[in-house]
Amino acid sequence: MKIFLIGFLLQLNSVIASVQGMNTGVFAGASFGVCAQWESGENIVGLGKNRKLNPASTMKAVTSGAALMQLGAGYRWETNIVYTGRISKGVLDGDLYIIGGGDPMLGSNDADAEPIDQTFCQWLKFLQDKGVKEVSGDIVGDGSWIEGMREHPSWSYDDIGTYYGTCVSGLNFYENMQQFSVNTVGIEQGQPPVISPAYPDTPWMEWSYDCTTGAEGSGDRLYLYTSDLGTRGVMRGTYGAGRDGKIYCRNNYPERSLAHEFGKYLENNGIHVKGSAVGITDARDSRSGKNVSAQLFVLGSTYSPTLGTVISRTNKDSNNMYAELLMRTIGYETCGSTEIKASASAMEGVISGRVGPIIIPQDIIISDGCGLSTQDRLTPEWMCDFLRDMKNNCPDFDVYLNSLVKYSSRCYLKTGSFTGCRCLCGYILPSKAGGKTIVFSIMVNNSEMRVSDIDREEKKLLDELARLN
């Protein structure tokens with residue numbers, strides 16, 4: 001026992017020395033904070049642990065945890081297929097509505113999502129069961145379940161056009177992305193690449209390409225600039241020479257895209273649609289489901305994968321759209337609002353009321369659910385408190401733990417990064433039965449080091465912490 005204690009103290013001193021060395025050495029000049037605790041709450045090491053820092057994508061660990069506590073692992077989102085008018089002699093004399101309830105995986109290519117053709121097949125059967133052979137009106141994709149802005153206003157303009165900066169909608173489709181084919185094979189540097197939209201089909205969009213072929217090996221540096229106030233998109237930047245591939249950008253019109261794709265599916269399966277595809281984003285729109293609710297007749301409903309599945313993909317893939325949808329759903333189920341500020345406030349309330357009185361207003365600022373906002377602020381100690389209380393109080397903790405990335409056989413973590421910033425948080429499980437779990441949070445902001453170099457130094461510390469238990 002004495003030998004074990006001496007070894008433990010030596011290793012603890014090594015951990016403390018490593019943290020102090022990082023602060024004065026490799027991270028000198030950066031904003032840096034680290035905290036590690038035993039699951040019972042005793043402090044292991046803390047330096048700058050009360051410093052408010054931007055958590056980047058480790059914010060998803062908070063959002064997914066709050067959603068799991070409030071909604072439960074079995075929660076699902078509902079999509080309703082309804083119509084206006086009447087059905088007579090095989091004709092649906094009115095509009096066909098797809099009313100979204102927030103399903104984040106609708107039409108996703110994720111292996112955990114139902115293939116869109118299977119979903120369309122279910123919707124088709126709803127119509128076939130009523131004998132419908134023709135829809136005289138429009139197919140309306142209604143995403144007005146999301147209120148207000150569909151992304152936080154502090155998100156970077158460069159981020160908003162990317163696949164990771166997509167909007168959230170009440171009717172999400174293909175993770176609200178637009179796929180493009182890009183070819184620079186045989187094209188010289190400085191010349192325009194060959195680009196064309198691939199999926200989904202968006203005939204209402206006007207695309208222009210103010211971009212060039214980059215140096216060989218320079219990769220994808222293309223950015224799409226769009227606005228939901230218009231139907232024009234401009235591609236800027238470069239794409240490395242000698243490449244033939246696909247890129248993914250933001251689609252501002254997922255509701256209309258889904259309606260359009262379903263309309264094509266119906267045509268291919270014997271139901272003629274005389275009208276057009278329409279997208280609704282605002283409940284105040286005269287054609288929104290809310291405003292015509294008295295005229296709607298239900299054909300059927302389909303449901304998303306479970307929240308446990310969505311959380312796994314949120315954290316493992318660091319999916320920003322999923323995380324934002326989780327926060328908005330907390331808002332909807334807690335206070336009846338999916339607006340950004342109301343949802344962020346609701347998430348704070350869930351953490352405070354369900355996890356325990358650990359929120360101190362000066363410790364955290366929650367602006368969005370995914371960590372793209374430059375306004376998010378957490379302290380390493382607060383993050384450790386949150387992780388510790390998740391382990392001790394959350395009935396679905398195993399779902400939460402397994403949603404994190406498995407760094408080693410005993411270490412599960414969530415990462416977050418952008419230029420000059422690298423954050424890690426998570427758990428180190430004990431090496432022996434009856435041992436204690438370690439929770440940790442490491443946050444580095446405003447560093448001049450490359451993210452990969454920051455990551456290497458932080459993981460050295462994780463390896464040292466793992467020797468303690």
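Computed from the coordinates by the stated procedures, all read-outs in this text should not be read as laboratory data. Remember, predicted model here, so these are calculated numbers, not experimental data. When we count neighbours, we look across all protein chains shown, and the Cβ atoms used for this are built from the backbone with ideal geometry, even at glycine.
For the chain, the longest principal axis of the alpha carbon atoms and the long axis of helix 254-268 meet at an angle near 50°.
Mean sequence separation of contacting Cα pairs (under 8 Å, at least six apart), scaled by the length of the range 202-315, corresponds to a relative contact order of 17 percent.
Taking amide hydrogens as placed 1.01 Å from N in the peptide plane, the amide H of Val45 sits under 5 Å from those of Ala36, each at least 5 positions away in sequence or on another chain. Ranking Phe262, Ser293, Asn320 by Cα position along the charge dipole of the chain, where only Lys, Arg, Asp and Glu carry charges on their C-beta atoms, puts Asn320 farthest toward the positive end. Counting only Cβ charges, +1 for Lys and Arg and -1 for Asp and Glu, the dipole size of the chain around its Cα centre is about 980 debye. Taking every C-alpha pair closer than 8 Å and separated by at least 6 residues, the mean separation divided by the residue count of the chain gives a relative contact order of 24 percent. Remark: the range 91-107, residue by residue, has Karplus-estimated 3J(HN,Hα) of 10, 8, 8, x, 9, 9, 10, 10, 9, x, x, x, 3, x, 9, 5, x Hz, where x stands for each Gly or Pro and the curve is 6.51 cos²θ - 1.76 cosθ + 1.60 at θ = phi - 60°.
The longest stretch of the chain left intact once loop-based GluC sites (Glu not before Pro) with at most 13 other Cβ atoms within 10 Å are removed from consideration, loops following DSSP, is 217-447.
Each of Phe297 and Leu229 was given a label point 7 Å from its Cα along the Cα-to-Cβ line. The distance between the two points is 4.2 nm. Pairs of alpha-carbon atoms within less than 8 angstrom and 6+ residues apart define the contacts here; what relative contact order does the range 49-135 have, in percent? Here the relative contact order equals 25 percent. Within the straight-line cut-off of under 30 Å between alpha carbons, the lysines reachable from Lys89 are Lys125, Lys130, Lys133, Lys264, Lys274, Lys290, sequence neighbours fewer than 8 places apart in one chain being disregarded.
Based on the Stokes-Einstein relation at 37 °C and a viscosity of 0.692 mPa s, and on the Kirkwood radius from alpha carbon pairs, the range 154-224 is assigned a translational diffusion coefficient of 235 µm²/s. Taken over the range 247-385, the alpha-carbon convex hull comes to 184 cubic angstrom per residue.
Summing charges over neighbours of Gly161, with a neighbour being any other residue whose Cβ is under 14 Å away from its Cβ, gives -1 when K and R count +1 and D and E count -1.
Neighbours of Leu404, meaning other residues whose beta-carbon lies under 9 angstrom from its beta-carbon, give a summed charge of +3 when Lys and Arg score +1 and Asp and Glu score -1.
What's the magnitude of the charge dipole for the range 113-262 around its Cα centre, counting Lys and Arg as +1 and Asp and Glu as -1 at the beta-carbon? Answer in Debye, nearest 20. Working shown, then result.
On the way: 11 positive and 21 negative charges, 23 e Å.
Computed charge dipole of the range 113-262: roughly 100 debye.
Here's the picture: charge each Lys and Arg Cβ at +1 and each Asp and Glu Cβ at -1 in the chain, and of Ser417, Ser169, Leu222 the one pushed furthest to the positive end of that dipole is Ser417. Of the cross-linked pairs Lys391/Lys460; Lys60/Lys406; Lys316/Lys406; Lys414/Lys436; Lys406/Lys460; Lys52/Lys460, those separated by over 18 Å at the C-alpha level are Lys391/Lys460; Lys414/Lys436; Lys52/Lys460.
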